[in-house]
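J.: The structure's right below; bear with me while I get my questions together.
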Amino acid sequence: MDFQFDARTEELRGTLLAFMDEFVYPAEEVAHEQRAKLASPWDTPAVVEELKAEARRQGLWNLFLPDAEHGAGLTNLQYAPLAEITGRSPQLAPTALNCAAPDTGNMEVLAQFGDGPQKERWLRPLLAGEIRSAFAMTEPDVASSDATNIETRIRRDGDDYVINGRKWYISGAMNPDCAIFIVMGKTDPDGEDVRRQQSMVLVPRDTPGLRVRRAMQVYGYEDHYHGGHAEVVFEDVRVPAANLIGEEGGGFAIAQARLGPGRIHHCMRLIGMAERAIELMCRRAVSRTAFGKPLAAQGQVQGWIADARVTVEQLRLLVLKTAWLMDTVGNRGAHTEIQAIKIATPRAVVDIIDKAVQVHGAGGVSQDFPLAELWAGARTLKLADGPDEVHQRSLARRELKKYL
Ligand SMILES: Cc1cc2nc3c(=O)[nH]c(=O)nc-3n(C[C@H](O)[C@H](O)[C@H](O)COP(=O)(O)OP(=O)(O)OC[C@H]3O[C@@H](n4cnc5c(N)ncnc54)[C@H](O)[C@@H]3O)c2cc1C
């Protein structure tokens, strides 16, 4: 039985479920066909723009942004069940609703820390879904899960900043619609406080010296719908000092603020991915026969299905508790739960999708079902937004503090 949410959430859920059935699922095949005929694989299939227009028309737009001035004004608890539904079609639905990473985090940064001109130039078109964006922090040459290692240099030169560095796995950057990069680097590399050495600056894609060098792969997938994950080189890239977000030395704090909601959004969508995997697993199990009985009659398969259901129900409760805490005591107060859900969800959902793959036999690893790509996407979330081990370390330290 489904949770009962408040009236506004229930209404949006109803609208979104119908939108998924009527528009998103049928568009999955169309998008694949259109993509095959595009001039560049990084262009956006026409059906995606049609989905965006329809979602906006139905009021399913910018649901992720709690700030009512710029977004839908939903709480995290209200957004959670909606994000879950979009996770059932992770390549199309989040983009259709203008709720896809990394744009969501970048819009949050601009809404929270951007000044008037920055909001007008970049936040407004992002909120309207006219452009896309990227967040450039990770570097191939240093262990970037420790943000103090970041080597990209942002040097003040008169009225400008000059940026030099190399980043990789910069999601969205292969998409030609990605017009703006939020770049993290060091403005004060020798500063005493390592958490104040870094700053964030806005770098328009067409700035001389910014080079999108190549598309990195994810288990062989290029993640076209996501705008890929690029290696990006910054060579004497010069931007006006007014492109600084917030204050010099504030980069670390902004990154922390940015990642809280982003992490739980991923978990909400992962639950939707798990639900899709369970549905596919069950449909396959009742429709294939081996050794004289349906796969669904095998105790092993029944065990996988039951365990998957139990796990998803547990994860959903923890996501909802975390969302509620974020709404009531703030992201800092919900720190432990955000880390707990970030550790628990990808791990469990990878396992559920893996079982669904197994029930599909060879079909499970093929391109004819979404499972292989879902698995690769879920697996990367044990790394992206910080590896599990870093969250485990920090969560354990907070737990141990009680006993020291
Ligand atoms: C699909 C995908 C999309 C991404 N998108 C973006 C993006 O848009 N922008 C961006 O800036 N980055 C992005 N990333 C990068 C991601 O955030 C980093 O990969 C992640 O933070 C880890 O950094 P690293 O790869 O340098 O690993 P490292 O820092 O080198 O860590 C490697 C491993 O060391 C271990 N380790 C590290 N620290 C500890 C510790 N304290 N205790 C125990 N073990 C530890 C962990 O097992 C970890 O996985 C993306 C990554 C992927 C895979």
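J.: Here is a list of conditions, (1) free of Cβ contacts under 8 Å to residues at least 60 places away in the same chain; (2) outside any helix (DSSP H, G or I), and Gly386 meets all of them except one; can you say which number that is?
T.: That leaves (1) as the condition not met.
J.: Let me ask something else about it. From Arg195, Arg166, Arg205, grab the single residue that is in contact (Cβ under 8 Å) with a residue 24 or more places away in the chain, over 23 Å from the mean Cα position of the chain (by Cα) and farther than 30 Å from Gly59 by Cβ.
T.: Criteria check complete, one pass: Arg195.
J.: Let me ask something additional. Kindly list the number of the only condition in (1) more than 16 Å from the ligand (Cβ to nearest atom); (2) open to solvent by 30 Å² or more (accessible area, probe 1.4 Å); (3) of a type in the set (A, V, I, L, M) that fails for Ala143.
T.: Evaluating Ala143 over (1) more than 16 Å from the ligand (Cβ to nearest atom); (2) open to solvent by 30 Å² or more (accessible area, probe 1.4 Å); (3) of a type in the set (A, V, I, L, M) leaves (1) as the failure.
J.: Oh, and also: Report, by residue number, each residue of the stretch 105-120 that is among the polar types (S, T, N, Q) and crowded, with 24+ Cβ neighbours inside 10 Å.
T.: Asn106
J.: Mind counting the residues in the stretch 165-180 that are assigned to a strand (DSSP E or B) and open to solvent by 60 Å² or more (accessible area, probe 1.4 Å)?
T.: 3
J.: Here are some conditions: (1) under 20 Å from Gly260 (Cβ atoms); (2) assigned by TED's automatic domain parsing to the domain that holds Pro240. Asp188 meets all but one. Which one does it not meet?
T.: (1)
J.: With the stretch 1-113 as the region, which helices (runs of 4 or more DSSP H) entirely inside it contain at least 2 residues that are without any contact (Cβ under 8 Å) to a residue 60 or more places away in the chain?
T.: Values: elements: 7-19, 25-36, 46-57, 76-86, 93-96, 103-113.
The qualifying helices (runs of 4 or more DSSP H) are 7-19, 25-36, 46-57, 103-113.
J.: Can you tell me how many residues in the stretch 295-342 are surrounded by fewer than 14 Cβ atoms within 10 Å (Cβ to Cβ) and at negative phi?
T.: Summing the residues that are surrounded by fewer than 14 Cβ atoms within 10 Å (Cβ to Cβ) and at negative phi in the stretch 295-342 gives 13.
J.: To continue, here is another question. Where the second residue is among the β-branched types (Val, Ile, Thr) and the first is under 17 Å from Ile278 (Cβ atoms) and lies in the stretch 357-372, which pairs have Cβ atoms under 8 Å and are six or more apart or on separate chains?
T.: From the stretch 357-372, the pairs are Val357/Val365; Val359/Val301; Gly364/Val357; Leu371/Ile353; Leu371/Val357; Leu371/Val365; Ala372/Val357; Ala372/Val365.
J.: Could you tell me which residue of the stretch 129-140 is nearest to Asn164 (Cα to Cα), considering only residues that are buried (at least 16 other Cβ atoms within 10 Å of the Cβ) and more than 8 Å from the ligand (Cβ to nearest atom)?
T.: It comes out as Ser133.
J.: Scan the stretch 63-88 for residues that are of a type in the set (S, T, N, Q) and surrounded by fewer than 24 Cβ atoms within 10 Å (Cβ to Cβ) and jot them down.
T.: Hits for the stretch 63-88 are Thr75, Gln78.
J.: Give the residue that is farthest from the ligand (Cβ to nearest atom), with candidates limited to residues of the stretch 352-404 that are surrounded by 15 or more Cβ atoms within 10 Å (Cβ to Cβ) and aromatic (Phe, Trp, Tyr).
T.: Phe369
J.: Right, another one. Among the residues of the stretch 146-184, write down those that are of a type in the set (Asp, Glu) and within 15 Å of the ligand (Cβ to nearest atom).
T.: Asp146, Glu151
The values are calculated or read from the model by the stated rules, or taken from the named source; none is laboratory data. Every value quoted in this text rests on a predicted model; they were computed, and no experiment measured them. Please note: Cβ atoms are built from the backbone with ideal geometry, for glycine as well, and neighbour counts cover all protein chains shown. Please note that ligands, DNA and RNA were not included when accessible areas were found on the heavy atoms of the full protein model with its side chains. Shrake-Rupley method; radii C 1.70, N 1.55, O 1.52, S 1.80 Å.
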